[in-house]
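Novice: Please find one structure pasted underneath; my questions will follow.
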Amino acid sequence: MTELWLVRHGQTDWNVQGRYQGQADPPLNATGLAQAERAAEALAGRAYGAIYTSDLQRARVTAEIIGRRLGMEVLVDARLREVNQGAWEGMLSTEIQTHYAGEWAARQRDRL
């Protein structure tokens, strides 16, 4: 049976601040780098067929840390990027609610 393992990128300062990242490209912070190292340790000891990542540095650096630990090449594909959040990228949810009240309300009604 084929298994698919998904690993979320490590923390960025924007995660801590609650900012929408979308396709913006903030780097991992110190906590995020440590999280990537811990993920690599947790994944060690098993065989994997491939490691794929988006080209955004928070995902790519996380995957590269894991790839180094596993001795595997990381395959970068921009099609794996997070959804583009448009004008919301870099904003706090409170800012979005203020400046885009109608769109925010619609999104809360339909989370998919």
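We did not get these values from a lab; they are worked out from the coordinates using the rules stated. Predicted model only: the values in this text are computed from it and were never measured. For neighbour counting, all protein chains shown are included, and Cβ atoms are generated from backbone atoms with ideal geometry for every residue, glycine included.
Novice: If one computes the Cα centroid of the stretch 30-71 and of the stretch 1-19, what distance in Å separates the two points?
Specialist: 11
Novice: Here's something else I'd like to know. For the stretch 64-100, state which GluC sites (Glu not before Pro) are in a DSSP loop and have at most 10 other beta carbons lying within 10 Å of their beta carbon. All intermediate terms of the calculation are to be shown ahead of the outcome.
Specialist: Numbers: sites: E64, E73, E82, E89, E95; in loops: E73, E82, E89.
When the GluC sites (Glu not before Pro) of the stretch 64-100 are filtered for loop state and at most 10 Cβ neighbours within 10 Å, E73 remain.
Novice: Can you tell me how much longer the chain between T31 and R69 gets when fully stretched, taken as 0.36 nm per residue apart minus their C-alpha distance, in nm with one decimal?
Specialist: Working: separation 38, 0.36 × 38 = 13.68 nm, distance 1.80 nm.
Once the chain is fully extended between T31 and R69, it gains 11.9 nm.
Novice: If you don't mind, there's one more thing I want to ask. Can you compute the FRET efficiency between A44 and L112 using 1/(1 + (r/R0)^6), with r the Cβ-Cβ distance and R0 = 41 Å? Round to the nearest 0.05. Numbers along the way, then the final one.
Specialist: Values: r = 35 Å, r/R0 = 0.85.
Computed FRET efficiency for A44 and L112 comes out at 0.70.
Novice: Same structure, new question: Among the GluC sites (Glu not before Pro) within the stretch 1-59, which fall in a DSSP loop and have no more than 12 other Cβ atoms within 10 Å of their own Cβ? Each step should come with its number before you reach the end.
Specialist: Working: sites: E3, E37, E41; in loops: E3.
For GluC sites (Glu not before Pro) across the stretch 1-59 that sit outside H, G, I, E and B with at most 12 neighbouring Cβ atoms in 10 Å, the list reads E3.
Novice: For semi-axes √(5λ) of the Cα gyration tensor in Å, pick the label among [x] 29, 20, 12; [y] 21, 17, 12; [z] 31, 15, 12 that corresponds to the value derived from the coordinates.
Specialist: Here the calculated entry is [z].
Novice: Can you show me the helix-derived [θ] at 222 nm for the chain, built from DSSP H runs with n ≥ 4 at -39,500 (n - 2.57) apiece and divided by the number of residues, rounded to the nearest 500.
Specialist: Theoretical 222 nm ellipticity from helices: -12500 deg cm²/dmol.
Novice: Go through Q21, M72, N84 and say which Cα lies farthest out towards the positive end of the charge dipole of the stretch 13-85; charges sit on Cβ, +1 for Lys and Arg, -1 for Asp and Glu.
Specialist: It is M72.
Novice: Placing +1 at every Lys and Arg Cβ and -1 at every Asp and Glu Cβ, with all other atoms neutral, what dipole size does the stretch 13-85 have around its Cα centre, in debye to the nearest 20?
Specialist: Values: 9 positive and 9 negative charges, 26 e Å.
Dipole size: approximately 120 debye.
Novice: Filter the DSSP H helices in the chain by two things, a Kyte-Doolittle mean of at least -0.5 and an axial alpha-carbon span of 15 angstrom or more, and list the hits by number.
Specialist: On the way: long enough: 30-43 (20 Å, 0.16); 57-70 (19 Å, -0.39).
Span-like helices, by this rule, are 30-43, 57-70.
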